[in-house]
Amino acid sequence: PVIPLRPLLEATEKYQFAQGAFNVNAVAQVKAAIEVHEMFRSAAILQGADLANGFMGGRTDFFNSTLEDKKAGAKNIADAVRKYGENSPVPIVLHLDHGKDFESVKAAIDGGYTSVMIDGSSLPYDENVELTREVVKYAHARGVSVEGELGVLAGVEDHVFSDASTYTNPLSAVDFFKKTQADCLAISYGTMHGAVKGKDVKLRKEIVIAIKECMKHERVFGALVSHGSSTVPKYIVDEINALGGDIQNTGGIAVSELKKAIDCGIGKINVDTDLRMAVTRNLREFFKYNPSKRDSASIGAVYQILEEKKNQFDPRVFITPIMDTVMYGNIPDDDVAAVVECM
Ligand code: G3H
Ligand code: 13P
Ligand code: NA
Ligand code: ZN
């Protein structure tokens, strides 16, 4: 079934796992991602960005997408998720990634998204709270979940560039949840977007712990989201460059760092760049050996990256959770009923 994000977040909170959230940029990737998650009996979070909604609306100059284009694109991707996901045995969420204003969020919801992010992190705190609260009101009235963001990730985010991270203040995070009623919050604790994150990035896990402790103390519900969490596998970079590419100074977040962050309380982990890297490699390879053909390289990329993540992480986190815990009885019987009910 296609569901909102909230029940899945409640499950991650209750059973202390994290769910991978993967960006899709084409209908073929929607189908492939649902197939892989079914194979692993995992719930799925598929994410479309504003930009993806723009070009899914059929524009080639997608940077100039109008609201109407975004709406059409949102509907295209949501229709695909419903087509392949409605009768699926695993729960599937379609989430807007980095929605940048109320109109974009509205376009996504009207198009059929079941969850949205409003990224007001570049606004002054009070304006971020106000905007997020407004989105929550509109979204929750329609059964749609909401992710907000507090803090600034180093690098490029939402068209804003920053040299350094401004880490999320734990007390502000609690205040933000209380005032906005958002379901989850993207935090800044050392991750960054893109393929050049630095060498040996160490995450500030104590920030995650501090936020969680403050929330527990104030009895506030909310899941924490780790953006910019691609591992940027070196072998894929090497393959791209061996096929004529020129991608330098790459660095991702180590699997070991992400595992520790999950143990500290991260509940959702966003991945986009790893999929783009695999698509890039596949395209270069395909055209090298098939100069007269045309094809989409996106399906194999989804299979490769998602299977790799499944193997790298403990089966109870990242990409297996719910269905396996239910099927293999890792959790108490009455809890199983509660999880199934969530779905
Ligand atoms: O989060 C926003 C974008 O999806 C990230 O794009 O993978 O090129 O950094 P990127
Ligand atoms: P990466 O660039 O590390 O894949 O992060 C993706 C992301 O945060 C999408 O919102
Ligand atoms: Na930010
Ligand atoms: Zn992000």
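The values are calculated or read from the model by the stated rules, or taken from the named source; none is laboratory data. For clarity, every value in this text was computed on a predicted model and none was experimentally measured. Ideal geometry is used to build each Cβ from the backbone, glycine not excepted, and the neighbour counts take in all protein chains shown.
Numerical summary
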read-out	value
Residues being more than 16 Å from ligand 1 (Cβ to nearest atom) and part of a loop (DSSP other than H, G, I, E, B) - total across region 164-179	4
Any chance A182 is within 16 Å of ligand 3 (Cβ to nearest atom), closer than 30 Å to Y138 by Cβ and in a loop (DSSP other than H, G, I, E, B)	yes
Qualifying positions in region 137-160 - charged (D, E, K, R) and more than 15 Å from A186 (Cα to Cα)	K137, R142
Count of residues meeting criterion [within 16 Å of ligand 1 (Cβ to nearest atom) and basic (K, R)] in region 97-132	1
Failed item in (1) in contact (Cβ under 8 Å) with a residue 40 or more places away in the chain; (2) out of contact with any strand residue (DSSP E or B) (no Cβ under 8 Å at 6 or more places or on another chain); (3) away from ligand 2 (no atom under 14 Å from the Cβ); (4) not in a loop (DSSP other than H, G, I, E, B), with I211 passing the rest	(2)
Top-ranked residue in region 174-194 [being β-branched (V, I, T) and within 16 Å of Y125 (Cβ to Cβ); ranked as farthest from ligand 2 (Cβ to nearest atom)]	V174
Check on A210, within 15 Å of ligand 1 (Cβ to nearest atom), more than 21 Å from L131 (Cβ to Cβ), in contact with a helix residue (DSSP H, G or I) (Cβ under 6 Å, 6 or more places away or on another chain) and not hydroxyl-bearing (S, T, Y)	no
Region 139-158, residues that are under 19 Å from G48 (Cα atoms) and assigned to a helix (DSSP H, G or I)	A139
Check on L224, away from ligand 1 (no atom under 16 Å from the Cβ) and assigned to a strand (DSSP E or B)	yes
Odd one out for G267 among (1) at pLDDT 95 or above; (2) part of a strand (DSSP E or B); (3) small (G, A, S)	(1)
Test: residue in region 28-44 that is buried (at least 24 other Cβ atoms within 10 Å of the Cβ), under 17 Å from A223 (Cα atoms) and at pLDDT below 95	yes
Unmet requirement for A195, which otherwise passes all of (1) surrounded by fewer than 18 Cβ atoms within 10 Å (Cβ to Cβ); (2) within 16 Å of ligand 1 (Cβ to nearest atom); (3) not aromatic (F, W, Y)	(1)
Condition check for L171: of a type in the set (A, V, I, L, M, F, W, C), in contact (Cβ under 8 Å) with a residue 40 or more places away in the chain, over 30 Å from Q248 (Cβ atoms) and within 16 Å of ligand 2 (Cβ to nearest atom)	no
Residue match in region 233-244 (condition: surrounded by 18 or more Cβ atoms within 10 Å (Cβ to Cβ), over 27 Å from I45 (Cβ atoms) and either away from ligand 1 (no atom under 15 Å from the Cβ) or not polar (S, T, N, Q) (or both))	yes
All helices (runs of 4 or more DSSP H) inside region 1-91 with 1 or more residues being out of contact with any strand residue (DSSP E or B) (no Cβ under 9 Å at 6 or more places or on another chain), aromatic (F, W, Y) and within 27 Å of D101 (Cβ to Cβ)	50-56
Sole residue being in contact (Cβ under 8 Å) with a residue 60 or more places away in the chain and charged (D, E, K, R), chosen from E308, E218	E308
In region 102-138, the residues that are touching a residue at least 12 places away in the same chain (Cβ under 8 Å), outside any helix (DSSP H, G or I) and not acidic (D, E)	G112, Y113, T114, S115, V116, M117, I118, G120, S121, S122
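Matching residues to (1) of a type in the set (S, T, Y); (2) farther than 18 Å from H95 by Cα; (3) at pLDDT 95 or above:
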| residue | (1), (2), (3) |
| --- | --- |
| E127 | no, yes, yes |
| V144 | no, no, yes |
| D158 | no, no, no |
| P170 | no, yes, yes |
